[in-house]
Amino acid sequence: MIWQFLLVLFSLLLIGMPVAFAMMIAASVMLFLVGIFNTSTLAEYLITGANSFSLMAIPFFILTGEIMNAGGVSKRIVDFASSLVGHFRGGLGYVAIIAGVVFAGLSGSAVADTAALGAILIPMMVAQGYNKNSTTGLVASVGIIGTVIPPSIPMILYGVVGGVSITQLFMAGIVPGLIMAMGMMLVWYLLSRKTTAGRVEKATGRERLHYFLRAFWALLLPGIIIIGLRGGVFTPTEAGVIAAVYALLISFVYREIKVSQLYDVLVGTAKTTAIVMLIASAAIVTAYAITVARVPAELATVLGGMTENPTVMLLIIMAFLLLVGCVMDMTPAVLIFAPVLIPVVESLGIDPVYFGVLMVINLSIGLITPPVGTVLYVGCSISKISLLDITKGIWPMLAMYFAVLISFILFPQIVTVPMEWLSK
Amino acid sequence: MNFKLLNALEHLLKGTIFVSLALMVIFVFLNVVLRYMFNSGLAWSGEVARYLFVWIIFLGSVIAVKEQSHLGVDILVSKLNLSVQKILYTVSTVLIVGVLALALDGLLGLIELNAGIGSPTSDIPVNTYYYAGAVSVVLMSIIFVIHTVRFVLFNKSAPPWANLPSDHKETEKAMEEES
């Protein structure tokens with residue numbers, strides 16, 4: 001049954017049909033083959049998929065990111081990071097990494113983070129004489145940390161379709177996200193050892209304090225989100241609405257957002273939300289169809305026949321997901337494969353939260369692998385370089401991320417120990 | 001003519017989702033504030049927010065169909081020549097309209113079934129959910145058909161991956177920038 005499902009789905013995708021509709025059709029075909037198709041099931045699950053309080057966190061976190069950008073908050077964060085590390089050799093690269101981590105703690109989307117970082121930092125770095133390809137590669141690779149460090153839209157989706165706690169997923173993403181950022185610093189250190197590109201003048205303590213205070217309210221938000229979630233003070237959806245209103249308030253305090261901009265910000269958020277959520281709704285139909293068609297059980301038998309070793313199994317699944325990530329965007333990939341794979345890994349005793357973190361990191365890497373890498377495209381369109389150029393610039397970062405992912409698989413403790421500590 | 005009507009519809013939909021999202025933020029936020037600061041809450045606010053959310057999703061999806069911004073995989077189809085693309089686009093539209101028609105049939109059935117039933121705390125008819133879906137699938141189908149006809153016959157409203165003759169692409173782009 002799994003082959004019929006994948007065959008229908010991928011044929012429809014290859015003829016250019018948008019993912020949401022392809023999933024609705026594939027699910028209907030499955031239900032039909034099992035002999036229980038009726039139109040009200042299709043309709044009911046489509047609406048149920050959309051009608052979810054947990055998924056409401058998605059528009060709230062998208063809104064937070066959009067307001068932060070429109071309100072000039074991104075610039076303040078970059079200025080602060082620049083006052084800290086801008087004077088080192090290759091300094092603006094470290095600025096991008098630090099600012100990227102802060103952005104990651106504010107928004108949940110790799111595309112939004114890359115667009116925000118890139119718009120400010122790529123022109124700045126190119127003007128200072130940095131290589132355009134590596135600069136763009138750097139910004140795109142930093143951008144994908146946005147989906148690993150909470151909040152994270154793919155984790156919300158994974159949690160909802162997989163029936164896993166979103167708060168736990170968020171807590172589990174913090175340390176791996178920071179490790180990825182440290183890996184980036186190491187790669188950038190090696191790449192920029194000999195660079196002669198311009199540096200920023202070293203900031204005095206007074207200036208640092210000044211930039212810190214300018215960015216203070218924005219820097220506080222990731223802390224509020226993480227502490228509030230960890231303490232169980234609020235749910236991810238409530239954290240989302242608090243973040244959005246908070247972002248709006250500080251943008252007004254900074255006097256950098258006009259009421260007239262709000263229309264575009266809200267309409268843009270609603271559109272992005274609709275695109276993600278229509279796929280999510282279709283995925284709920286698909287999840288129901290593959291469950292009644294016993295696809296996960298079938299897949300577990302097929303994969304289980306190959307190996308019973310959890311580590312080997314994870315390596316196989318991760319290699320498969322990397323291939324998926326090369327040709328498919330992250331939202332549909334999470335929504336299609338999470339419900340199929342979670343029962344398989346659970347049957348081998350693998351923690352679904354840990355697996356979720358791996359899956360999100362894996363598919364985030366997929367966002368910066370050609371030929372289909374949404375984040376790559378964002379970087380290219382800011383720098384006006386070709387996909388081939390950015391591929392030249394990004395391979396060292398890609399190699400590092402692969403190494404990090406493999407070490408998370410071979411040594412699960414790196415992820416699970418801080419995860420247990422943070423979700424206590 | 002048809003297309004002007006479509007643009008007017010787009011503005012109307014954008015206005016609606018703008019108001020809906022603003023209200024959704026206000027209701028959910030209000031409830032958080034009431035709960036943590038005053039230890040009370042509005043039972044109906046979460047429910048109303050969910051109604052708004054469903055409408056935002058389904059109306060926003062209509063706009064995304066109009067703007068052709070729903071996510072897809074263009075890795076193969078973008079490499080084909082224009083006439084094959086037109087055939088595949090038509091096939092895709094026929095299948096989409098087909099599945100949307102099935103969904104509409106299901107939705108109408110559910111609307112009939114749930115007539116007169118209100119939701120637990122706000123007493124808003126449950127059918128408000130299903131109407132969002134019904135309105136959306138009808139509008140999406142109409143727009144898909146209009147786009148397909150315009151693309152196949154006139155090279156207009158082409159999907160982003162279409163290999164239109166290059167001069168055509170530029171004029172289309174210039175027109176977009178003007179508007």
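The values are calculated or read from the model by the stated rules, or taken from the named source; none is laboratory data. Predicted, not measured: the structure shown is a model, and the values here were computed from it. Backbone-built Cβ (ideal geometry, glycine too); neighbour counts: all protein chains shown.
For the range A:54-101, the candidate set comprises residues that are polar (S, T, N, Q) and under 21 Å from A:L248 (Cβ atoms); within that set, the residue that is modelled with the lowest pLDDT is A:N69.
For the range A:299-329, the set of residues classified as among the charged types (D, E, K, R) and closer than 14 Å to A:G349 by Cβ consists of A:E308 only. For A:I145, the requirement of being outside any helix (DSSP H, G or I) and closer than 25 Å to A:I394 by Cα is not met. Looking at the range B:79-91, which of the residues that are facing chain A (nearest Cβ under 8 Å) and out of contact with any Phe, Trp or Tyr (no Cβ under 8 Å at 6 or more places or on another chain) is surrounded by the fewest Cβ atoms within 10 Å (Cβ to Cβ)? By that ranking, first place goes to B:V91. If the condition is being more than 14 Å from chain A (Cβ to nearest Cβ) and either more than 24 Å from A:D264 (Cβ to Cβ) or of a type in the set (F, W, Y) (or both), then the range B:1-38 contributes B:M1, B:N2, B:F3, B:F38.
Taking the criterion of being surrounded by 18 or more Cβ atoms within 10 Å (Cβ to Cβ), at the interface with chain B (Cβ under 7 Å from one of its Cβ atoms) and outside any helix (DSSP H, G or I), the only residue of the range A:36-54 that qualifies is A:N51. Please state which one of A:G162, A:G198, A:G173 is within 15 Å of the chain's Cα centre (by Cα) and either small (G, A, S) or surrounded by fewer than 18 Cβ atoms within 10 Å (Cβ to Cβ) (or both). Only one candidate passes the filter, namely A:G173. Residues that are outside any helix (DSSP H, G or I) and without any contact (Cβ under 8 Å) to a residue 12 or more places away in the chain were ranked within the range A:374-414; the one that is nearest to A:G173 (Cα to Cα) is A:F411. For the range A:317-340, filtering for residues that are within 17 Å of A:L358 (Cβ to Cβ) and either among the β-branched types (V, I, T) or more than 13 Å from chain B (Cβ to nearest Cβ) (or both) leaves 13.
Would you confirm, using the coordinates I've provided, whether A:G86 is away from chain B (no Cβ under 14 Å) and surrounded by fewer than 24 Cβ atoms within 10 Å (Cβ to Cβ)? When the stated conditions are applied, A:G86 passes them.
Yes or no: B:K66 among the charged types (D, E, K, R), more than 8 Å from chain A (Cβ to nearest Cβ) and touching a Leu at 6+ places or on another chain (Cβ under 7 Å)? Can you show your working first?
Numbers: among the charged types (D, E, K, R): yes; more than 8 Å from chain A (Cβ to nearest Cβ): yes; touching a Leu at 6+ places or on another chain (Cβ under 7 Å): yes.
Spelling it out, B:K66 is indeed among the charged types (D, E, K, R), more than 8 Å from chain A (Cβ to nearest Cβ) and touching a Leu at 6+ places or on another chain (Cβ under 7 Å).
The selection criterion, being crowded, with 22+ Cβ neighbours inside 10 Å, in contact with a Gly (Cβ under 7 Å, 6 or more places away or on another chain), facing another protein chain (nearest Cβ under 9 Å) and closer than 25 Å to A:V267 by Cβ, does not hold for B:G60. Please tell me if A:A287 is buried (at least 20 other Cβ atoms within 10 Å of the Cβ), within 14 Å of chain B (Cβ to nearest Cβ) and assigned to a helix (DSSP H, G or I). So A:A287 does not fit the description; no. Applying the selection to the range A:257-273, what residues are within 12 Å of chain B (Cβ to nearest Cβ) and over 16 Å from A:Y246 (Cα atoms)? Result: A:Y263, A:D264, A:V267, A:G268, A:T269, A:A270, A:K271, A:T272, A:T273.
Can you tell me which residues in the range B:7-33 are among the polar types (S, T, N, Q) and touching a residue at least 12 places away in the same chain (Cβ under 8 Å)? Within the range B:7-33, B:T16, B:S20, B:N31 meet the criteria. Against the definition (surrounded by 20 or more Cβ atoms within 10 Å (Cβ to Cβ), at pLDDT below 90, within 21 Å of the chain's Cα centre (by Cα) and not polar (S, T, N, Q)), how does A:G366 come out, yes or no? So A:G366 does not fit the description; no.
Which one of A:A104, A:A57, A:A43 is of a type outside the set (D, E, K, R), free of Cβ contacts under 8 Å to residues at least 12 places away in the same chain and closer than 25 Å to A:I156 by Cβ?
Just a single option satisfies the conditions, and that option is A:A43.
Of the residues making up the range B:66-106, those that are charged (D, E, K, R) and out of contact with any Ser or Thr (no Cβ under 8 Å at 6 or more places or on another chain) are B:K66, B:E67, B:D74, B:K79, B:K86.
Of the residues making up the range A:290-332, those that are surrounded by fewer than 20 Cβ atoms within 10 Å (Cβ to Cβ) and assigned to a loop (DSSP other than H, G, I, E, B) are A:R294, A:T307, A:E308, A:N309.
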